[in-house]
Structure formats: C-alpha cells, structure tokens
Amino acid sequence: MIEAVLSMGGMALLAGLGLGYAAIKFHVEGNPVVESLEAALPATNCGNCGFPGCHAYAEALASGEKVAISLCSPGGSEAMQSIAAILGVDPVAMETDQGPRVAMIHEEKCIGCTACIKACPVDAIVGANKQSHTVIADMCTDCEACVEPCPVDCIEMVPVPDSIYNWKWDKPAGPQVTIH
Amino acid sequence: MGILATALKKFHGGVHPKEYKELSRHCAIEELPMPKRLYVPMHQHIGAPSDPCVEPGTQVFKGQLIGEPNGFVSAPVHAPTSGTIQGIEEHVSGHPSGLTMPCAVLIPDGNDQWHPELKGLEDPYNADPQAIRDKVRESGVVGLGGATFPSFIKLSPPQGKVAELLIINGVECEPYLTCDARLMEEHSQEIIDGIRIMLQALQTKQCVIAIEDNKPGAIQAMRRAAQETKNVQVVSLPVMYPQGAEKQLIEVLIHRQVPSGCLPIDVGVIVHNVATALAVREAVLFGHPLVHRVVTVTGLGIARPANLNVPVGTPAQDLIDHCGGLKNGVKKVVMGGPMMGVALGDLQAPVVKGTSGLLAMLARETVQEPEQPCIRCGNCLQACPVQLTPCEMAWRAKHDLIDQLDAVHLMDCIECGSCAYVCPSHIPLVHYFRYGKLAMAAKKHDKDKAELTRQRNQAKQARAEAEKAEKERKKEEMRLASEARKKAAAASQAGESAPAKPVPTSKPAAEESAP
C-alpha cells in the first residue's frame, strides 16, 4: 500500500517538475504591448486599416513605426482612445467617425450573388444563391467589407438607431465651482 | 417559530424622508373611466421583451394574449380591455431616456368583456404547485412592487432549496405612495387568499406580512383577515426608508443577510409584494391575467389626489385629467415613487404593470440645488443600507474609472437614493451610479462582442482553410486518377501487340510492363 502511494507520488512529482521546467525553458515571450493592443481592436481582420489583420496592425503600432492610431474604422473612436492610452500618446480625431453603424441590405435590389457572404469576416450575412440575403445586425462589426464586393450596390451602412436597449445615461455635469 | 426572529433587527443606514402619505391615504380605490385609447407596451417586465402576436384590426377580448413571452425570464402581455387593435406602434414610454418602445394600440369598445375561455384552477388551495406556477406564468403576473420580475420564477424554488418562510411585502416605504396600503385595507381577505395559493405553490408552511406602522388601518385589516389562517402572521415595523427593499426587509425579519450576488431563496425565504398576492389570486381563481393595477396619483401639484384602479396602457395624462389636472407651478411629474421613480418627459407615457404612483411635484417638494464638491463628510456611508461607499463609487464613475467600479461593488447598489438624500453637497449620486452601471454593462457587452467576433472570424478562417485543403485533395485525386488512366491506356496498347490475354485492371498491366 505505502509503496504504491510513494511510487505514484514520486512519479507525479517527477512529471510535475518536468512540466514546470519545460514551461520555463520553452516559454515563448509574446510582446505584451501587442497583446493589449490586439485586445483593444475588434478582431474582425477586415483589413480596413491597410494591414493584413488586427494582429498585424497591433504589431505595426507597437513597433514604433509612424502608424496612425486612428485607422481602425470598426473600432471607432473607442478603439482609438484605448490605443492612445496603451501607447501613451494623445488621442487624435477620427477621420470619419459616424458612431456605431450596421450594414443593411436593400433586399428588393439584392440579386443573390453571395459575394457579400464570402466577404464578411464574421459570417454575419445569411442567404443562398439567387435568394435575397440579409445581415444579422447583432453580429455586424461595421467593417464595410461587404459594401465593395456587391455588384448592384445594395448594401448601405446605416447608423444603429437609438433605443431603450442601447441608450446610456448622460454623466452629471459635476460641480460648477467658482473661485472668489 | 421557524426562521422568523422574535425581535426585529434594524438594517444599516436608511433615512426618514417626509412622507406626504396623508395626501392620498384616505382616498379609497376608484375605477378610472375607460380611456379612449390604450398603449400597451410589449416590455413591462424584467427580462426579454414580448413578441406581439396580433394583427392590426383584430378584435380582442379583455385578457386575450397580445404579446408572447420570449424566453424563460419574460412575461406575456394581455389586452387590458375588449376592443380593436389599431396596430403595433412605437410610442413614448416611462423609460428615463424618454425613447419609444413598441406598444399595441387598443381602442376599447366599452364592453370590457373578459375572454370567455379564461378559467381558474379547481380547488386552487390544494392544487398541484406546478399547475399554480403555470397559471401565474400564463397570466403575465410580475412583481408589482416595482421590480416587475416574473412572479412564477419566485414561486419555483430551485432544486435542493426550500423556502422556509414567505414574506409578503406591505412595507410601502416610498413616500407619497398609498396604493398598497389601500389594497390591504380594502381587499385584505383577497390578499390572504392569494397568500394561501402562494404557500401551496411554494410548499411553505409559514408566512409573515410586513407592514410599516404608519399604516395602522392596513395592519388592523390584515390582522383581522389573517385570524382564521393560523400560519399567516402580521408584523408591524417602525418606519424607515428603504425597509421595503427585499434584502433589507429580510434582514429586519430573520436577521440574515442575503450575500452579494445571491437571492433570498439562498437564505430560505421568498418575498412577494401584497399587490402581487392579489394578482396571483385573480390568475389562479379566475384565470384573469394581470391587466390592471392600482396607481396612487398624488403630490402637492395635483388638484385631487386619488388611488385609481387603472388598465395597463393608460396614458399618464388620462390619470391626471381624471384627478382634476395639474396645478400651476408643477416642476415635474414622476412615475413611481419620489426616491426611485422616473421623471416623465412626456405625459403620454402609459401606465405599466410596475407603475405604483404618479406624482405631480411642486418646486418646494424637489431639490434643485446645484452640485457642489464632495466635502468627505461621510453622511452617505452612514445612510447606505447596503453598507457601500457611495462617495467612492460616484468618484470613480465621474472619472470614468469603469474597471474600478466592480471593486467598490457598484452592482450591489439598489439605487434607493438614501445617499443622495443626505448629501449636503447635493451630489446626484444615484445618477452617477446609473451612469456607471450602464457604462459597466456597455463595456462588458463590447468585450463579449469582441470575443464572439474573434471566434467567428477564426471559425471562418478555419473553414476557408479546410475548403482549400479539400480542393487540393480533390485535385490530387483527379491527377492520380488521370495518370492511372494514361498508364492503363498505354499498357492496353502494349497488350494488343503481345499474345492475347485479357487485362481487366491496370495493376497486372503495370506489373507486366515493369521489367
């Protein structure tokens, strides 16, 4: 009985030590800045920024090259502000920030070519060949990847309408202090 | 005696706002004449909004289903009277944003005729608990104390948990409101019936009705009605706001605190409002869905305060008109109580299941002082019934330190307003908390969506790669097949010159040509 416990315990200890050693020895150091930048980006890999995906844009930002922090259009000004905070630079104005938008297919014009379905990086468009397509609004990330491929220009980016479900309280103005 | 303590315990903090209950406490409940038009919102409860299930032009009976529940935590919506559905329209709501929500517009026909197929349970006091819950669920009964949580869920103790005590909340600690007090005075026997049904659904033996001692009429009436039911007891509590809050009331009565993130059932109790008990009775005895409620219309700015029994969906303006209209100098009209209610931007906002009051407030009833800097007096810490740190929470919300709000337990705040009430600097603390709570929720939503986006994008890429690999594999297969065909053809040509021997497959042919 005691031998079994000792031998199994010993083997477990050896295996644990081996694993622990391997974890330290073969550890791959990721750049923590790149990781946090990537977390701030929307992960659509849409390529709107001109880089081949969110990871590449995060690496370019972290590398210290002169890369604008306002290139992520799906992330909007929120992503820009997160990037500015991580890199310790001043926020800049977004070139075009129209607030959150969502793709809308004008279904009467859609010819059912599936070009947009193939283009969508997050599978947020459903439809079949020669059938009208539609956008799953909750999944759409505002990346515009579907707009360009449409041969009949039936996709429009529309602002997300205000509703009681996405409404936010204004912050109180704070004390109005006058110094005498 | 069970888990009910013999002495009352005081919860931490609390305040004594001026009551103003004398304005309406003597006003017996009266029926509001049927309005010309009802706007019945599709989302009157905590949980998912209901899906409208009627077409424009449909003739409906009172109590007919017009909105189907959408998920487990949801509630159906019923027609508050008989008439014609004009359509499903966007209409202003009693939401703090003042934005619209989908409402069924109902033109009453004046007959107020119940749906003929509505039936209650036979022998409701000994019925199967599940049958009671189903009845309560399909009748759209939600908590009428203000939180509007679907009641059937609070009648279904989860597996392995027992409700040792049912607490019926008749505290009505918000100033001004007297609708629950009037219900207890005028419908005490019916409330006891509802309680007996609830006890049967919960399989609980003991019930206590908690009433603050500023409602002697209600206490007397409930004591008289409860005499014959030996397991129902009425307890009179000293006045203290917010004693009607679920967790605070539990602490007062059984000396147990409900931990953060837990429910009352985790300490062995269930709390229901008195008006909910009445709605449960209507649902189980007669099959009548929850389509009307009692609303206190009061405030110094109303000509004639009243307690009105109102169909759900009645615009606030109709109630005010019935009570003689607004006086000059009304600063704001509040839906709900003065401490936790919402100021209305548009008086067309309809009464919903959770509307307990409509207050027309003059300037002297409200505080409109400008916010001043925090002087670190600590009054808010003394007043908070949840023992939070309101000044710290507001400071973090003000400076958008959203990630730190969890550390100061913002989500445990019940938004009772005690802190803002005592703040000498008039800091709108609850406003900061609401801002912070929504900011936290928005941040979580964004994070969840980013994670989902990442997963979907990875899934799409993996699929694209799998498709590519599949194409490659097919290409390779076709290449191999065509090569094999070529070889076979070559072999058969060679075979024709050699002595006649049938070569059915390419394999022996290859063997022959190999040497």
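The base-10 log of I(q)/I(0) for chain B, evaluated at q = 0.08, 0.10, 0.11 Å⁻¹, reads -0.56, -0.83, -1.00 [Debye formula, identical scatterers on Cα atoms, solvent excluded].
Among A:E107, A:E78, B:E467, B:E251, what is the fewest-to-most ranking by other Cβ atoms within 10 Å? Before the final figure, lay out the partial values.
Working: A:E107 13, A:E78 17, B:E467 10, B:E251 22.
The order, fewest Cβ neighbours first, is B:E467, A:E107, A:E78, B:E251.
Only Cα sites of the range B:371-492 enter the Debye sum here, all with the same form factor; the resulting log10 I(q)/I(0) across q = 0.11, 0.14 1/Å is -0.56, -0.70, listed in q order.
Taking trypsin sites (Lys or Arg not before Pro) in DSSP loop states with no more than 14 other Cβ atoms inside 10 Å as exposed sites, chain A has its longest site-free stretch at A:1-65. For chain B, what is the percent of antiparallel DSSP beta bridges, rounded to the nearest 5? Antiparallel bridges make up about 60 percent of those DSSP assigns within chain B. In the range A:12-125, inverting the average of 1/r over every pair of distinct C-alpha atoms gives 17.0 Å as the Kirkwood radius. Across peptide A:38-46, the average count of Cβ atoms from other chains found within 10 Å of a residue's Cβ is 4.
When B:V77, B:V208 are arranged by Cβ crowding within 10 Å, least crowded first, meaning fewest neighbours, the order is B:V208, B:V77. Averaged over the residues of peptide A:160-172, the number of Cβ atoms from other protein chains lying within 10 Å of each residue's Cβ is 6. Assuming charge only on the beta carbon of Lys and Arg (+1) and of Asp and Glu (-1), the dipole of the protein assembly as shown about its Cα centre is about 860 debye to the nearest 20. Helices in chain A, meaning DSSP H runs of at least 4 residues, each add -39500 (n - 2.57). Divided by all residues, the mean residue ellipticity at 222 nm is -10000 deg cm²/dmol.
Pairs of Cα atoms nearer than 8 Å and 6+ residues apart set the relative contact order; for chain B it is 17 percent.
The long axis of helix A:2-25 is offset from the longest Cα principal axis of chain A by roughly 50 degrees. Cross-link pairs exceeding 27 Å between alpha carbons, from the set A:K168/B:K332; B:K18/B:K215; B:K247/B:K353; B:K62/B:K437; B:K135/B:K205; A:K25/A:K66: B:K62/B:K437; A:K25/A:K66.
Which chymotrypsin sites (Phe, Trp or Tyr not before Pro) in the range A:96-180 sit in a loop by DSSP (not H, G, I, E or B) and have at most 14 other Cβ atoms within 10 Å of their own Cβ?
Numbers: sites: A:Y165, A:W167, A:W169; in loops: A:Y165, A:W167, A:W169.
Those that pass, being in a loop and sparsely packed, are A:Y165, A:W167.
The aspartates and glutamates whose alpha-carbon is closer than 20 Å to the alpha-carbon of B:K331, local same-chain residues fewer than 8 away aside, are B:E19, B:E174, B:D318, B:D321, B:D346, B:E365, B:E369, B:E371.
Using mean Cβ contacts within 10 Å as the protection proxy, how do B:273-279, B:99-105 order, highest first?
Numbers: B:273-279: 27.0, B:99-105: 21.0.
In decreasing order of mean packing, B:273-279, B:99-105 become B:273-279, B:99-105.
3J(HN,Hα) along the range B:191-199, derived from phi through the Karplus expression 6.51 cos²θ - 1.76 cosθ + 1.60 where θ = phi - 60°, amounts to 5, 4, 4, x, 5, 5, 5, 4, 4 Hz, with x in place of Gly and Pro. Counting Cβ atoms of other protein chains within 10 Å of each residue's Cβ and taking the mean over peptide A:139-151 gives 1.
Using only alpha carbons, the protein assembly as shown has a radius of gyration to Kirkwood radius ratio (Rg to Rh) of 1.11. In the range B:371-492, taking the dipole from charged Cβ atoms about the Cα centre, the farthest positive-side position among B:Q458, B:L480, B:Y432 is held by B:L480. Computed from Cα positions, the angle between helix B:129-138 and the longest principal axis of chain B comes to roughly 90 degrees. Across the range B:432-439, computed HN-Hα scalar couplings (Karplus, 6.51 cos²θ - 1.76 cosθ + 1.60, θ = phi - 60°) run 4, 5, 5, 4, x, 5, 5, 5 Hz from first to last residue, x flagging Gly and Pro.
Here the residues B:V351, B:V284, ranked from fewest to most Cβ neighbours within 10 Å of their Cβ, fall in the order B:V284, B:V351.
Only lysines eight or more places from B:K487 in sequence, or on another chain, were considered; those with a Cα closer than 23 Å are B:K474, B:K475, B:K501, B:K507. Relative to the longest principal axis of the Cα atoms of chain A, helix A:76-87 runs at roughly 40 degrees.
Every number in this text was worked out from the coordinates using simple rules, so none of it is lab data. In this text the structure is predicted, and so the values were computed from the model without any measurement. No Cβ is skipped: glycine too gets one built from the backbone with ideal geometry, and neighbour counts run over all protein chains shown.
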